[in-house]
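The values are calculated or read from the model by the stated rules, or taken from the named source; none is laboratory data. A quick note: this is a predicted structure, and the numbers were derived from the prediction, not measured. So basically every Cβ, Gly included, is an ideal-geometry build from the backbone, and we count neighbours across all protein chains shown. The accessibility values were calculated without ligands, DNA or RNA, using every heavy atom of the protein model including side chains. Shrake-Rupley method; radii C 1.70, N 1.55, O 1.52, S 1.80 Å.
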Amino acid sequence: MQSPDQNKAPFNEEVDALRVTLSREERLLHVLASEIELVSLEHANASHALAQAQAALDAASLIYRTSETMLQGLEVQHAQLMQNVKEKKAALHPIRRVPAELWADIFTRWVDEEEYDRIGRLDTHPTDTRLPASLIAASVSSFWRKTALSTPTL
């Protein structure tokens, strides 16, 4: 029904129709007011839950960033310590205690044996381009290089 004209009095049949419409609309207003109250409460609860969730997310994010930084630092320390342990184990390896004179003797025998083999191979492989044993020994480590260079028979 259309809104009644405010400037004129309604007829009798219009009064009854207006009362029915008014009653229906008042009930509808009451229902809508209840729904508004419920939805407003749900909205407030959701807003509160969202604020709590955001605070929890912010806290978790901070913990994540902090632990990530700590983890990276620990991984660097671990790698450095692993390298230190590796170097110390290498320094303590029994091969390091072999005297230079024994290495010189080993290198000399190696060179002698290689030269003997090379002479035999030259008959079948005249273009043999393998590196001599003295160069190989000198390229293994600074200690071996020093030993090989200080061994006159090489």
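Brief remarks follow.
- In region 4-15, the count of residues that are part of a helix (DSSP H, G or I), open to solvent by less than 80 Å² (accessible area, probe 1.4 Å) and without any contact (Cβ under 8 Å) to a residue 40 or more places away in the chain is one or more.
- Test: residue in region 71-78 that is out of contact with any helix residue (DSSP H, G or I) (no Cβ under 6 Å at 6 or more places or on another chain), at pLDDT 95 or above, under 22 Å from SER141 (Cα atoms) and of a type in the set (S, T, N, Q): no
- Breaking point among (1) modelled with pLDDT under 70; (2) touching a helix residue (DSSP H, G or I) at 6+ places or on another chain (Cβ under 6 Å), for ALA148: (1)
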